[in-house]
1. Right, A:S184: surrounded by fewer than 23 Cβ atoms within 10 Å (Cβ to Cβ) and closer than 30 Å to B:S157 by Cβ or not?
2. Looking at (1) surrounded by fewer than 24 Cβ atoms within 10 Å (Cβ to Cβ); (2) touching a helix residue (DSSP H, G or I) at 6+ places or on another chain (Cβ under 8 Å); (3) more than 14 Å from chain B (Cβ to nearest Cβ), which is the only condition A:L117 fails?
3. Can you tell me which residue is farthest from A:A76 (Cα to Cα) among those in the range A:291-312 that are within 9 Å of another protein chain (Cβ to nearest Cβ) and of a type in the set (A, V, I, L, M, F, W, C)?
4. Select, from A:D262, A:D272, the only residue that is closer than 24 Å to B:D202 by Cα and open to solvent by 20 Å² or more (accessible area, probe 1.4 Å).
5. Return the residues of the range A:192-239 that are over 20 Å from the mean Cα position of the chain (by Cα), of a type in the set (D, E, K, R) and surrounded by fewer than 24 Cβ atoms within 10 Å (Cβ to Cβ); say none if nothing qualifies.
6. Checking the conditions here, which among A:I225, A:I259, A:I271 is away from every other protein chain (no Cβ under 13 Å) and in contact with a Phe, Trp or Tyr (Cβ under 7 Å, 6 or more places away or on another chain)?
7. Considering only residues that are under 18 Å from the mean Cα position of the chain (by Cα), hydrophobic (A, V, I, L, M, F, W, C) and modelled with pLDDT of 95 or more, look in the range A:286-330 and name the one that is surrounded by the most Cβ atoms within 10 Å (Cβ to Cβ).
Number of protein chains: 2
Amino acid sequence: MTSPLIIDCHGHYTTAPKALEDWRNRQIAGIKDPSQMPKASELKISDDDLRESIEANQLRLMKQRGSDVTLFSPRASFMAHHIGDFNVSAAWAAICNELCYRVSKLFPDNFVPVAMLPQSPGVDTKTCIPELEKCINEYGNVGINLNPDPSGGQWNSPPLSDRYWYPIYEKMVEYDIPAMIHVSTSCNPAFHTTGSHYLNADTTAFMQCLTSDLFKDFPTLRFLIPHGGGAVPYHWGRFRGLAQEMKKPLLKDHLLNNIFFDTCVYHQPGIDLLTRVIPVDNILFASEMIGAVRGIDPETGNYYDDTKRYIEASVLDAEARYKVYEGNARRVFPRLDARLKAR
Amino acid sequence: MTSPLIIDCHGHYTTAPKALEDWRNRQIAGIKDPSQMPKASELKISDDDLRESIEANQLRLMKQRGSDVTLFSPRASFMAHHIGDFNVSAAWAAICNELCYRVSKLFPDNFVPVAMLPQSPGVDTKTCIPELEKCINEYGNVGINLNPDPSGGQWNSPPLSDRYWYPIYEKMVEYDIPAMIHVSTSCNPAFHTTGSHYLNADTTAFMQCLTSDLFKDFPTLRFLIPHGGGAVPYHWGRFRGLAQEMKKPLLKDHLLNNIFFDTCVYHQPGIDLLTRVIPVDNILFASEMIGAVRGIDPETGNYYDDTKRYIEASVLDAEARYKVYEGNARRVFPRLDARLKAR
């Protein structure tokens, strides 16, 4: 068996040039004082700026660690769908998606874009469709990130099983693209963004699917739950038991044709649990590098988020590793597969 | 080494006679229509009713599974601190705590009471002190359950590190009692009570402690985080890495003198992860039986929540098992230790 392509299905553009944040801050100021609202055209980031921000960071680490392709989406914590109204989110999403698209054009071998949506709390999800269509049709995006809590920690949107979300699902099915279920920054002081809000959202999303029959309505819909599925694999027995109490089918039939987990779990015992509990067909390699945890683990001397090392040290055999690194990503993201085949 | 006493540190009175629920429903009706508000004295539950509800359920399973003592508190999902005002919570907590006390008197060898508090969203936590004092001084309670989200899924209380909670902590230190951090039912449709709200709360509470210096203010304060710590042990590397980014001490120094995890994880791989990652001094045996997951696991033929089987099948040696079953509980709950010694 030849070496698999190492596809990291979870990367965000966390290292975008400072001009992006400056523009966003002006936009936020413009919500209160429309005279300050910047135009999209006022954001100036050159190709050289983009190259530098990638080469010195993600690409450097990808080479160091030996990964080949990163599915690359706008910075999750900066999506901040709770800020302003739909127009604010629409302008911001368009700018962020365009930057990831440009990165994918500058580094076509290494970065494949995934879109954020211009979600806004309480707003009809149909409003997200034009940006989604543009990202798929014009930018070559292979998937989307879907925020189950655009309020940023108030959790006042309907569960993912609600018809509120169906316009997005219909488009996902039409385009045969999956969604990573990923929240953004928490503005609720109870929840630390990357320490609890992200993990809670993963668990919450899984349970929203478990209690519903969403995948009867959309048999081909695919969700990728990041951060190793939050608390789900660790409590797999609890979830199996809860499904049983609710007279749902076995989880492998009820959910595992549609739900996948990434490997953003930052220590060996966690990855070992994940690979022991979750069928290998449902695990996709990812690191979320450069993300929430950037340091070096004093217990190992390696980066916490160098998750490839944990996969290498796991019990997975060569065939299973091929699936985790490459095969599953090609299956869950058919547009990625088509893109790789077209090379 | 003699066989350890098997102490289950996490049991709720989920099988209380139906009269309790009926009284509660009348109380809830009484919030809108004070003429319907029942008096506490209108609740009639005989000792025989109590005996029957315990002997046929918890005690039967304890004998079957071989556990000796259960720390027994009112049903967590019924605490529902969001219902009504402080007076409603106060009447309800008093009734529920009295029932657990009566169970402990009827079965002194097997049940030791732990108190719920009359919390109410936004209300000064000082108001909880009289009930707490009664439960410790008159009812012989050895610990309390503390709800970090009395709103029931709105998460609008200050983090556990906030001075809002200090009156309770001061009393806990004075009495040398720990608190299990346990939410109640979720009235937020985003969160399934036992499938996501409980686990999210565990992770959230841990992270609230991690980001703060709470245990500098209260070096002897002890929290027991249930359900195996939510997502925490599975993501132990993430939490170590986040603490490192925040320039906090190593977690073992920063949190593990004060935070403990129970073993309510309902499958072997989860318990194996827990015992591999968390120091054995920080793990307390528990099953939360009879609780959220009452069925038999078709993969093993045993009850999901028969957690003793997982401990028996884990790598823990006899000394470690003594700690998990008995030693740690005696250390974390000194009033339990005193009670057992007085036998």
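1. Values: surrounded by fewer than 23 Cβ atoms within 10 Å (Cβ to Cβ): no; closer than 30 Å to B:S157 by Cβ: yes.
So A:S184 fails the test.
2. Here A:L117 clears every test but (1).
3. Taking the candidates together, the pick is A:I296.
4. On the way: A:D262 fails: open to solvent by 20 Å² or more (accessible area, probe 1.4 Å).
Of the residues listed, the single one that is closer than 24 Å to B:D202 by Cα and open to solvent by 20 Å² or more (accessible area, probe 1.4 Å) is A:D272.
5. A:D213, A:K216, A:D217
6. Details: A:I225 fails: away from every other protein chain (no Cβ under 13 Å); A:I271 fails: away from every other protein chain (no Cβ under 13 Å).
None of the other options fit; the residue is A:I259.
7. A:A329
Conditions tested, residue by residue: (1) under 30 Å from B:C209 (Cα atoms); (2) open to solvent by less than 30 Å² (accessible area, probe 1.4 Å); (3) of a type in the set (A, V, I, L, M, F, W, C).
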| residue | (1), (2), (3) |
| --- | --- |
| A:P113 | no, yes, no |
| A:N156 | yes, no, no |
| A:Y166 | no, yes, no |
| A:A179 | no, yes, yes |
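The values are calculated or read from the model by the stated rules, or taken from the named source; none is laboratory data. These numbers come from a predicted model, not from an experiment. FYI the Cβ positions are ideal-geometry reconstructions off the backbone, even for glycines, and counts take in every protein chain you see. Each accessible area value is taken on the protein alone, full model and side chains, heavy atoms only, with ligands, DNA and RNA left out. Shrake-Rupley method; radii C 1.70, N 1.55, O 1.52, S 1.80 Å.
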